[in-house]
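Asks: Okay, here's the structure, questions in a sec.
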6 protein chains.
Amino acid sequence: MTHQGPVVLVTRRERFNAAHKMWNPKWSEERNVEVYGKCANPNWHGHNYQLFVTVKGPINPSTGYCVDLKDLSKLVNERVIDQLDHRNLNLDVPFMNGRLASSENLVVAIWEQLDGPIGQELGVKLHGLKLYESENNMVEYFGE
Amino acid sequence: MTHQGPVVLVTRRERFNAAHKMWNPKWSEERNVEVYGKCANPNWHGHNYQLFVTVKGPINPSTGYCVDLKDLSKLVNERVIDQLDHRNLNLDVPFMNGRLASSENLVVAIWEQLDGPIGQELGVKLHGLKLYESENNMVEYFGE
Amino acid sequence: MTHQGPVVLVTRRERFNAAHKMWNPKWSEERNVEVYGKCANPNWHGHNYQLFVTVKGPINPSTGYCVDLKDLSKLVNERVIDQLDHRNLNLDVPFMNGRLASSENLVVAIWEQLDGPIGQELGVKLHGLKLYESENNMVEYFGE
Amino acid sequence: MTHQGPVVLVTRRERFNAAHKMWNPKWSEERNVEVYGKCANPNWHGHNYQLFVTVKGPINPSTGYCVDLKDLSKLVNERVIDQLDHRNLNLDVPFMNGRLASSENLVVAIWEQLDGPIGQELGVKLHGLKLYESENNMVEYFGE
Amino acid sequence: MTHQGPVVLVTRRERFNAAHKMWNPKWSEERNVEVYGKCANPNWHGHNYQLFVTVKGPINPSTGYCVDLKDLSKLVNERVIDQLDHRNLNLDVPFMNGRLASSENLVVAIWEQLDGPIGQELGVKLHGLKLYESENNMVEYFGE
Amino acid sequence: MTHQGPVVLVTRRERFNAAHKMWNPKWSEERNVEVYGKCANPNWHGHNYQLFVTVKGPINPSTGYCVDLKDLSKLVNERVIDQLDHRNLNLDVPFMNGRLASSENLVVAIWEQLDGPIGQELGVKLHGLKLYESENNMVEYFGE
């Protein structure tokens with residue numbers, strides 16, 4: 001294998017506004033309220049989520065890009081943002097079916113949606129995801 | 001009347017996470033979707049709202065404060081944030097009953113909740129409210 | 001005239017990335033460098049500008065909106081952002097012709113582009129504009 | 001008087017890091033703790049303050065500027081930031097002598113330091129000051 | 001050992017406002033001023049610190065959480081924020097005794113306070129700490 | 001080798017405002033526009049770039065610092081910011097000669113400027129660079 005030159009990480013931010021509640025359908029209402037507190041409000045609450053998608057790869061010497069961020073943004077919007085934005089994470093999102101609507105489960109589900117397509121369509125490796133639920137709470141996933 | 005010295009504005013930020021949808025119950029589903037687009041998603045969406053409450057008054061020479069921000073924060077939390085945080089604006093909030101769940105109607109309703117108590121309990125005048133629905137969208141109300 | 005109910009201010013943020021230089025063509029190069037310093041770099045520099053457009057009006061009781069922010073965003077993009085984004089303020093922007101490319105002149109020129117259409121097409125009043133050139137420098141214009 | 005053309009507001013952000021405590025020397029320690037809570041910690045606490053200085057004036061047709069922000073920044077640094085940055089507001093700042101070290105008193109004191117010099121040296125009017133003590137707490141003063 | 005499913009990182013932001021000065025008691029005043037400049041102001045200065053606590057672990061299939069952020073926040077507040085907020089880092093904080101009050105030493109001391117309890121009480125691993133002293137200056141520690 | 005105690009990462013933010021365009025001189029104008037879209041505007045566009053420089057090293061027990069951030073800031077300004085701020089990345093920056101003016105190439109070029117001097121002059125290791133072109137787009141380089 002020949003040397004490819006410097007390897008960089010490139011990150012694109014996307015946003016979506018969604019409703020959810022923390023609710024384990026196997027539990028009683030009392031148990032849900034006990035564990036999740038106000039996050040278990042039956043009529044939902046919601047967030048302005050921020051998703052940071054980081055890919056890794058060499059710099060294409062013809063373009064100067066690791067990946068064209070317009071292409072990455074388009075792929076992320078088609079594969080995940082369009083399913084999540086102005087939706088209910090518990091009810092409206094096929095790839096969240098059967099999963100509790102936590103940020104932890106959501107970031108893993110987003111990884112599953114993006115990992116294959118980013119490699120196949122853009123030729124770079126998905127390196128990591130950051131998902132901010134609020135200015136104080138954030139989760140990350142690196143595919144481990 | 002004696003001179004009171006300088007008059008300042010003091011602002012406190014509070015935050016709440018809520019679900020809502022834009023939906024006029026007098027309209028058909030088609031009309032709602034036509035007017036509100038994805039904001040009319042039947043299963044709700046949500047936001048991290050930020051509320052900036054600004055009061056106006058002279059500086060108390062004994063304390064150096066216009067108002068103690070701990071007191072203002074407590075009042076705002078009891079009167080509005082506790083009713084709004086982790087709630088559904090369309091279903092769970094008594095002071096939004098009968099109002100469409102827009103930021104415009106919400107900021108006016110919050111004013112109505114706060115205006116009297118801030119004057120009576122804290123002795124300063126409510127000057128204005130800013131309500132951020134997202135980093136791009138914001139409404140203000142000055143009681144006019 | 002009947003009472004219209006509460007009057008609110010609604011603000012939409014839009015962004016554009018542009019090149020410019022501060023350069024008075026009536027002056028010598030020496031004079032330009034003396035007055036403008038590094039802002040007069042002949043080969044340009046640039047900014048991520050943020051524009052906050054604030055309109056004022058009553059709340060439409062049918063929609064709950066003062067103005068639909070999708071409509072305001074569309075109008076602002078068509079009238080100004082599309083002319084400014086990824087452009088050179090000194091060379092590429094017809095409505096900046098004959099004006100020095102300062103934020104002060106730019107915010108006034110943006111006002112001239114938006115004031116009529118916002119009133120005529122959206123039925124609300126343009127109240128004010130904020131233009132951030134950087135996190136430290138900002139100008140505002142209220143049509144005075 | 002001839003027409004001067006558009007009048008704009010121009011704002012410069014400056015920052016300073018300072019120690020202070022809320023402490024009224026006329027009161028007992030008990031009274032200070034009762035009123036100010038943890039803000040009365042005898043050994044001080046501190047903040048990263050942000051100051052936004054807004055001036056108002058016509059646009060100079062020769063420069064395109066209302067005021068050169070380098071000049072405004074220099075004046076604000078010399079008159080106030082150099083006295084405040086890495087200082088103790090209760091002990092080290094001559095223009096705070098005899099005033100309780102609240103943000104309310106500080107913003108008024110800063111106005112007194114800036115109002116004359118900005119008019120005399122820069123030829124524009126000081127319009128307003130915003131002083132952020134934290135992301136949640138802010139005061140404003142408009143010289144009233 | 002059985003497979004635990006995806007491993008995620010979860011981060012909680014907490015804030016505290018503190019006074020400090022950079023001062024080595026073994027040095028002369030001249031030496032302190034020479035090394036630390038204005039950070040050695042005898043009467044202290046202060047900051048709004050932001051602490052980001054990142055833990056790592058599998059997702060609990062019953063809750064959907066890696067860790068309940070209410071629990072993490074409570075632990076971090078009890079173990080470190082309550083000792084630091086509205087305090088003097090040089091004088092008031094037992095776990096900083098004998099350490100120079102730099103962000104580097106502080107982030108290591110915070111690690112020592114949190115590492116054991118987070119593992120024992122919450123069952124996840126402390127992965128890293130970020131401590132912002134200002135918008136321009138930040139330190140990180142990963143327990144190495 | 002003796003034990004050095006904890007190893008920390010220290011990060012300094014610096015900012016610069018620059019013009020650039022994406023343009024491969026080996027390609028036709030049509031090809032450039034096809035690949036780069038509006039980023040290929042012949043008359044340039046620009047950004048407020050933010051650079052985060054992270055170094056790694058033990059804590060000096062005499063100073064409490066890993067590195068004095070005043071020294072790091074001075075070095076980064078002299079070596080890179082002074083060459084980049086208020087410049088054109090395609091025309092004015094010697095260390096970008098012969099490179100396409102992408103953030104990917106820029107972050108690698110900045111690494112080359114900083115890596116040696118940071119080790120030799122400051123005695124710490126350059127760990128990583130983050131370069132924000134906008135709030136949505138960011139690249140990182142770790143010297144691989």
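The values are calculated or read from the model by the stated rules, or taken from the named source; none is laboratory data. This one's a predicted model, so the numbers in the text were calculated from it and none came from an experiment. Methodologically, a virtual Cβ is constructed for each residue, glycine included, from the backbone with ideal geometry; neighbour enumeration extends over all protein chains shown. Side chains are part of the model used for accessible areas, which takes the heavy atoms of the whole protein and leaves out ligands, DNA and RNA. Shrake-Rupley method; radii C 1.70, N 1.55, O 1.52, S 1.80 Å.
Asks: Restricting to the range B:14-24, and then to whatever is in contact with a Gly (Cβ under 9 Å, 6 or more places away or on another chain) and in a strand (DSSP E or B), can you tell me which residue is most open to solvent (accessible area, probe 1.4 Å)?
Replies: B:ASN17
Asks: Here's something else I'd like to know. When the residues of the range B:25-69 are narrowed to those that are assigned to a loop (DSSP other than H, G, I, E, B) and more than 10 Å from every other protein chain (Cβ to nearest Cβ), which ends up farthest from C:SER62 (Cα to Cα)?
Replies: So the residue we want is B:SER28.
Asks: Report yes if A:PHE52 is within 30 Å of A:TRP23 (Cα to Cα), of a type outside the set (D, E, K, R) and touching a Ser or Thr at 6+ places or on another chain (Cβ under 9 Å), otherwise no.
Replies: Taking the combined requirement at face value, the residue satisfies it.
Asks: How about the range D:14-24: which of its residues are farther than 16 Å from D:ASP92 by Cα and at the interface with chain E (Cβ under 10 Å from one of its Cβ atoms)?
Replies: Within the range D:14-24, D:ARG15 is the sole residue that qualifies.
Asks: For residues that are β-branched (Val, Ile, Thr) and under 27 Å from D:LYS21 (Cβ atoms), tally how many sit in the range D:59-103.
Replies: Qualifying residue count for the region: 4.
Quick grid of which residues meet (1) more than 13 Å from the chain's Cα centre (by Cα); (2) within 14 Å of chain A (Cβ to nearest Cβ); (3) within 26 Å of F:ALA40 (Cβ to Cβ); (4) at pLDDT 95 or above:
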site	(1), (2), (3), (4)
F:SER73	no, no, no, yes
F:LEU89	no, yes, yes, yes
F:GLY98	yes, yes, yes, yes
F:TYR132	no, yes, yes, yes
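Asks: Name the residue that is farthest from D:LYS26 (Cα to Cα), counting only residues in the range D:81-95 that are part of a helix (DSSP H, G or I) and without any contact (Cβ under 8 Å) to a residue 40 or more places away in the chain.
Replies: Going through the qualifying residues, I end up with D:ASP82.
Asks: Within the bounds of the range C:70-77, is there any residue that is more than 22 Å from C:CYS39 (Cα to Cα) and part of a strand (DSSP E or B)?
Replies: Scanning the range C:70-77, I find no residue that is more than 22 Å from C:CYS39 (Cα to Cα) and part of a strand (DSSP E or B), so the answer is no.
Asks: Let me ask you something else. Please specify each residue of the range D:96-134 satisfying the condition of being open to solvent by 10 Å² or more (accessible area, probe 1.4 Å), in contact with a helix residue (DSSP H, G or I) (Cβ under 9 Å, 6 or more places away or on another chain), more than 23 Å from D:ASN32 (Cβ to Cβ) and assigned to a helix (DSSP H, G or I).
Replies: D:GLU112, D:GLN113, D:PRO117, D:GLU121, D:LEU122
Asks: Counting just the residues of the range D:2-13 that are within 11 Å of chain C (Cβ to nearest Cβ) and surrounded by fewer than 16 Cβ atoms within 10 Å (Cβ to Cβ), which one comes out modelled with the highest pLDDT?
Replies: So, considering only residues that are within 11 Å of chain C (Cβ to nearest Cβ) and surrounded by fewer than 16 Cβ atoms within 10 Å (Cβ to Cβ), the one modelled with the highest pLDDT is D:GLY5.
Asks: All but one of (1) farther than 22 Å from F:LEU9 by Cβ; (2) open to solvent by less than 10 Å² (accessible area, probe 1.4 Å); (3) of a type outside the set (Val, Ile, Thr) hold for F:LEU72, so report the exception by its number.
Replies: (1)
Asks: Against the definition (hydrophobic (A, V, I, L, M, F, W, C) and facing chain B (nearest Cβ under 8 Å)), how does D:VAL107 come out, yes or no?
Replies: Judged against the criteria, D:VAL107 is a match.
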